[in-house]
Amino acid sequence: MIPDPVPVRAFLADRHVALAERLAALAARDLAPLPAPADDAAARVAARDLLARLGADGWLDPIGAQDWRGCCITREALGAVSPLADAVFALQGLGTVPLLLADNADLRDRWVPEALAGRAMAAFAMTEPEAGSDVAALRTAARRDGAHYVLTGVKTLISNAGIADFYTVFASTDPAAGSRGISCFLVPADTPGVRFVRAQVLSAPHPLGEIEFADARVPADHRLGAEGRGFVLGLKTLDRLRATVGAAACGMAARALAEALAHARTRRQFGKPLAEFQLVQARIARMATDLTAARLLVYRAAWDADGGAERVTLEAAMAKAFATEAAQRIVDDAVQILGGRGVLADHPVDRLYRAVRALRIYEGTTEIQHLVIAGHLLADGA
Ligand SMILES: Cc1cc2nc3c(=O)[nH]c(=O)nc-3n(C[C@H](O)[C@H](O)[C@H](O)COP(=O)(O)OP(=O)(O)OC[C@H]3O[C@@H](n4cnc5c(N)ncnc54)[C@H](O)[C@@H]3O)c2cc1C
């Protein structure tokens, strides 16, 4: 049910192959039997429950170890069997990695062990109503007031909004300085002035919503990194995690391909299995080839990051853009092979169809990844 590590073995250490085997058991035993949450409220409860399970059994450890290939192996497996569990893992990474990268040891010691044990749910609050792709346009302000900062502003499309225990928040400490005026803060969810405004309900189970900071006071030592360096910290975080988005997409695509293959072998029309029709075979061949290419890009980027590269911006952008676009096509192809069954709401392939779409958007849209890639090539004079 989960992707085979063999095609990407060249990029993996033995511990990653062992991790994939343990994840296969987790997927089959604990995750596959879970029912899909009936609505957004149920998804929120299920997300907290999944976090507790993942944390208690050590599945979040690759985040703490900054083992990016381990994170990719995990997201591939979770994406294949439970996109909600994958989202839980993803957000725990996104909200916690800024703490790992910044040099605020007290804050790291206070929150990271809790986050990795699944007892504290993380969230990453960057997007605003007027600042999506254009992060530098964000308007949430953090005004220094003695030993505190006072945060005001609204964040939208925030995963885990309303259920997180802490938010990694990007806010401007110097609005005139644009991206160089953005700082990053750790804001506990129970800080007075932090308000969950509303849920934003997705077509796939995924807790999402809007939060407001209404004069929320946080101690000055809750700033992560230097003043004005929040944008760079955010980019470094995304650099490391974008390949893992590609990995989740590959997991979903691999599951869709497996479902399509099983169906093509058994479904008979015109007196023979679908698998014997060359048009179906061509579709399957394209799906499998695209998936393998996507996985190679994903694990190449993660391998570079694990090798200690300071930035893997180009590799991560290629991996995320290609893998998420390919996964969308592969899942759509699987629906086509399934025919009418593929659009029934309780079919795994239909659930994947709804889940995979957002991956082309969050952590930087495909268009933004393409701008990053072209920017690198043009700057290098290639
Ligand atoms: C499921 C989900 C979970 C999310 N979770 C989080 C989260 O936890 N934290 C968080 O901070 N944010 C989160 N987001 C928000 C996400 O990061 C943004 O949606 C994304 O960055 C795009 O911003 P936008 O939606 O405002 O679109 P816009 O920036 O308005 O873009 C709209 C379209 O215009 C295109 N576009 C924009 N600029 C250009 C350009 N220069 N050239 C070409 N095309 C362009 C985009 O590619 C896109 O196709 C989440 C989003 C989703 C869907």
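Quick notes
- Search result, residues across segment 125-141 that are near the ligand (Cβ under 6 Å from one of its atoms) and in contact with an Asp or Glu (Cβ under 9 Å, 6 or more places away or on another chain): 133
- Residue in segment 147-154 that is surrounded by fewer than 24 Cβ atoms within 10 Å (Cβ to Cβ), of a type in the set (Gly, Ala, Ser) and more than 16 Å from the ligand (Cβ to nearest atom) present: yes
- Residue within segment 181-203 that is open to solvent by 40 Å² or more (accessible area, probe 1.4 Å) and basic (Lys, Arg) present: yes
- Of all residues in segment 43-70 being among the aliphatic types (A, V, I, L, M) and touching a residue at least 60 places away in the same chain (Cβ under 8 Å), the one that is most open to solvent (accessible area, probe 1.4 Å): 56
- Selected residue (criterion: nearest to residue 15 (Cα to Cα)) from residues of segment 306-328 that are of a type in the set (D, E, K, R) and buried (at least 17 other Cβ atoms within 10 Å of the Cβ): 306
- Qualifying residue in segment 146-156 (condition: of a type in the set (D, E, K, R), outside any helix (DSSP H, G or I) and within 19 Å of the chain's Cα centre (by Cα)): yes
- Taking segment 270-381 and the helices (runs of 4 or more DSSP H) fully enclosed by it, the elements with 3 or more residues that are closer than 16 Å to residue 76 by Cβ, of a type in the set (D, E, K, R) and away from the ligand (no atom under 16 Å from the Cβ) are at 278-306.
- Residue list for segment 157-194, restricted to those being touching a residue at least 12 places away in the same chain (Cβ under 8 Å), more than 25 Å from residue 113 (Cα to Cα) and either assigned to a loop (DSSP other than H, G, I, E, B) or away from the ligand (no atom under 16 Å from the Cβ) (or both): 173, 174, 175, 177, 180, 181, 193
- Cβ-Cβ distances below 6 Å connect no pair with a first residue in segment 350-375 that is free of Cβ contacts under 8 Å to residues at least 24 places away in the same chain and of a type outside the set (A, V, I, L, M, F, W, C), a second residue that is open to solvent by 20 Å² or more (accessible area, probe 1.4 Å) and within 11 Å of the ligand (Cβ to nearest atom), and a separation of six or more residues or different chains.
- Being away from the ligand (no atom under 16 Å from the Cβ) and more than 23 Å from residue 171 (Cβ to Cβ) is a property that residue 106 lacks.
- Taken over segment 97-134, residues that are within 17 Å of residue 161 (Cα to Cα) and touching a residue at least 40 places away in the same chain (Cβ under 8 Å) amount to 10.
- Taken together, 116, 101 contain a single residue that is touching a helix residue (DSSP H, G or I) at 6+ places or on another chain (Cβ under 7 Å), open to solvent by less than 40 Å² (accessible area, probe 1.4 Å), more than 23 Å from residue 156 (Cβ to Cβ) and more than 16 Å from the ligand (Cβ to nearest atom), which is 116.
The values are calculated or read from the model by the stated rules, or taken from the named source; none is laboratory data. Because the structure is predicted, anything quoted here is derived from the model rather than measured. So basically every Cβ, Gly included, is an ideal-geometry build from the backbone, and we count neighbours across all protein chains shown. Remember, those area values only see protein heavy atoms, side chains included, never the ligands or the DNA or RNA. Shrake-Rupley method; radii C 1.70, N 1.55, O 1.52, S 1.80 Å.
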